[in-house]
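The values are calculated or read from the model by the stated rules, or taken from the named source; none is laboratory data. Just so it is clear, the structure is predicted and the values come from calculations on it, not from any experiment. Cβ placement follows ideal geometry from the backbone for every residue including glycine, while neighbour counts extend to all protein chains displayed.
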């Protein structure tokens, strides 16, 4: 199963000045503190494309953080966070080596650290990774349990992308269990969440998964629509894994429609991309699908060759669901070639693996295969048992109820999307109207405030004028009083002067008297 929740690598303060491998190595060499070395190593891990070098950097980060985390101190949680990342990354390395037990152990170590330091987002992502390992180990109840735990945490912290990944994992489980209604429900919920989060890669994955369900339900035209939309996104993003997956699925849809040339064309394109990308699981699917096309064209040699290639890869990587499919393909081809005993051998192996995994569609295919073989061998009791199992599994997968549910979920999603668009447009319209009303109210408020301020100024000015006039009148009255008092004093002073003058005049001889006396004195002399 393709991992839908990759570890998010932390990059702090390095990206701005370290743009290539040489500058990163130089920065690592010159780093003076281990926290800086952790950050640089983390950046180098993210940028590295060579798996052998990538694991080397992760091992170095793991050893550096383990040493510092054990020493404790104020920066212990910083080192623990990087240690959790290192454990997670090394875990994905063991996925490529198909050692699921080692992978699970490392993911659990990473989860324990994330929980210890309270990093809930990292914990939710790690829970998703653990769930995917249990899925690959065919321990479906545990996978479902961990996906739900992850989803609960992601929802509580508002991480839409993480929640969408959990919903997608739950949908895949319900799909494999034949619970199409729940599978579609969770796929559409995941799809909606990814659209809201702007997660294009996740959106393409959900489109692919929904298309796969429609294709299996016989709705190849609808499936082709979803596969094509997913392919467009992956091509725009340059995601080789996604392109190879979509090409393979598009081929399956064309095969369902009877368009074998188109199916072969897309399968060969898919095969080339998956070989270049080293996608073993994808290669197995492409080989298997090519085998079915060649078989339908009557080329049994090429068909068997591709079935066996597919089985060999699936056995090597421990893909039990894929093994069941390849074993059934080989058993059916051997049966058609008249090799009934060999067909029984492969059919029994397919049934054993199918029971181990427990997926209804695998049990259905194995039951169909063995039913034909037992009938040919006149083992009627076993043939009837396989027939009953076939009917039971078919009812749980392809009933009219589930087919209607698929269509209903599609219509519901389309309606919700249109309604969301309409609501968004209505919201924009309301916001425009509100903006106009707010602007109008703002202008009215400005006018009201302007008038109010004007009135206050007028009243204030009138008060000032009134006070000034009152003061002026008071001052004028005071001046007039003082003026009268001055005039009265002046009159009194003048009267006093005149009186004194008269007194002086009364006491002094007159000029005539003086003149006469002077004249008399002169005559005597």
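If you go through the range 11-53 and keep only what is over 17 Å from residue 78 (Cβ atoms), within 26 Å of the chain's Cα centre (by Cα) and at pLDDT 75 or above, you end up with 44, 46, 47.
With a requirement of 1 or more residues that are under 22 Å from residue 188 (Cα atoms), the helices (runs of 4 or more DSSP H) lying completely within the range 214-309 that satisfy it span 220-237, 240-256.
Results for (1) within 26 Å of residue 395 (Cβ to Cβ); (2) buried (at least 18 other Cβ atoms within 10 Å of the Cβ), shown as yes or no for each residue.
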position	(1), (2)
128	no, yes
131	no, yes
134	no, yes
144	yes, yes
157	no, no
163	no, yes
187	yes, yes
190	no, yes
193	no, yes
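Number of residues in the range 156-174 that are within 12 Å of the chain's Cα centre (by Cα) and either without any contact (Cβ under 8 Å) to a residue 12 or more places away in the chain or assigned to a helix (DSSP H, G or I) (or both) equals 7. When restricted to residues that are at pLDDT below 80 and not in a helix (DSSP H, G or I), the range 62-105 contains 6.
Of note, residue 343 does not satisfy the criterion of being in contact with a helix residue (DSSP H, G or I) (Cβ under 6 Å, 6 or more places away or on another chain), in the same structural domain as residue 239 (by TED's automatic domain parsing) and over 20 Å from residue 255 (Cβ atoms).
It is to be established whether one or more residues within the range 69-90 are buried (at least 24 other Cβ atoms within 10 Å of the Cβ) and farther than 20 Å from residue 44 by Cα. Within the range 69-90 (the criterion being buried (at least 24 other Cβ atoms within 10 Å of the Cβ) and farther than 20 Å from residue 44 by Cα), the answer is no, since none of the residues qualifies. Given the conditions (1) modelled with pLDDT of 70 or more; (2) buried (at least 16 other Cβ atoms within 10 Å of the Cβ), which single one is not true for residue 413? For residue 413, the failing item is (1). For the residues 278, 282, the requirement of being surrounded by fewer than 18 Cβ atoms within 10 Å (Cβ to Cβ) and out of contact with any strand residue (DSSP E or B) (no Cβ under 7 Å at 6 or more places or on another chain) singles out 278.
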